[in-house]
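Here's the structure, in structure tokens; my notes come after.
The values are calculated or read from the model by the stated rules, or taken from the named source; none is laboratory data. Everything quoted here is computed from the prediction, not taken from an experiment. A quick note on method: Cβ atoms are made from the backbone with ideal geometry, for glycine too, and the neighbour counts reach across all protein chains shown.
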């Protein structure tokens, strides 16, 4: 894994020895996952900001995972970065979400901005373990950018701002007051006029802090606007939505794997066979075994699709500004297939896990329903029907998905 996820960087600077080792990054992620899993059900009940867990991510060094080594990062490619997302999601999908979106925001400034912009942001992020939050949401057009003398004033609100609370940097968007052009900027979260509200209270992904951010005449300097090349300007810049899609596909896969392991543990140690069953133990019931066989086939299929999609993304990323539309389109098709499969298999498994765990598994204290709630909440933000339409156009007409902010 020698390619970097976020740049074709200059000669590498010195980095800790284990930072160059993919196995070490995965080991740190697994240690965090074990810690997060122990409190995931209780924190799901509580909601709010998982401050201690976010600080643990900072301390782990994994916030610099996708940053090139030249800027103090680990230089991981997307395959490794997304495996870490999945490991975390198999313990706590909220934390995996904000972690994955942190790396998505870093990718955004790399794709939309100039080297003079993203180089210092990368270096500061790696040095100070900055967390990046999201206030971009182009579907929410309530924030307006009014031009001033050499800068813009951002005023309005944004919804679904995952990870904005407890972040050091935000990627935000606004519509130009005169031209209605979408402007994207990177700004410090603590800047005067920015207010991230603790108002996220949805049924799932309850610790993603995906509530609202209000901008009150926030000063955004020209050097903070990501206009060159900007969004949707080149095939390379158009990789941004593909990174987002694949982050979420790996979150969904991790949720499904978490649900599978919870169901398996309960079947083996707690579940009782149905009175009509020929088996003495629930784990020997032929119907239960058939369910687990189906679960396994589904998970193995999504794993294969997710790995192939990550390989295609890395191939496209390594081409940088030389990326052509066809190679970008091949990655888009692979990622769409993985996203649809992860959504369908995950929702099915998170529902049918109770068929193999039994009625006692619905006890409120276990909160095993959180797996379905988490996946259902997040998947509604990007309907699988539209991904299937794109895949249908490819399968029938060999037309790649049209690049937009969402595909």
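A few remarks follow.
- Residue list for the range 56-76, restricted to those being closer than 15 Å to residue 94 by Cβ and surrounded by fewer than 22 Cβ atoms within 10 Å (Cβ to Cβ): 56
Table: residues versus (1) part of a helix (DSSP H, G or I); (2) closer than 23 Å to residue 331 by Cβ; (3) touching a helix residue (DSSP H, G or I) at 6+ places or on another chain (Cβ under 6 Å).
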{"residue": "37", "(1), (2), (3)": "yes, no, no"}
{"residue": "41", "(1), (2), (3)": "yes, no, no"}
{"residue": "44", "(1), (2), (3)": "yes, no, yes"}
{"residue": "54", "(1), (2), (3)": "yes, no, no"}
{"residue": "59", "(1), (2), (3)": "yes, no, no"}
{"residue": "74", "(1), (2), (3)": "no, yes, yes"}
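- Taking the range 112-147 as the range and being free of Cβ contacts under 8 Å to residues at least 24 places away in the same chain and not assigned by TED's automatic domain parsing to the domain that holds residue 99 as the test, the residues that pass are 139, 140, 142.
Residue-by-condition table, conditions (1) under 22 Å from residue 390 (Cβ atoms); (2) at pLDDT 95 or above; (3) surrounded by 14 or more Cβ atoms within 10 Å (Cβ to Cβ):
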{"position": "219", "(1), (2), (3)": "no, yes, yes"}
{"position": "246", "(1), (2), (3)": "yes, yes, yes"}
{"position": "253", "(1), (2), (3)": "yes, yes, yes"}
{"position": "274", "(1), (2), (3)": "no, no, no"}
{"position": "298", "(1), (2), (3)": "yes, yes, yes"}
{"position": "317", "(1), (2), (3)": "yes, yes, yes"}
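- Residues being out of contact with any helix residue (DSSP H, G or I) (no Cβ under 9 Å at 6 or more places or on another chain) and touching a residue at least 60 places away in the same chain (Cβ under 8 Å) - total across the range 285-320: 2
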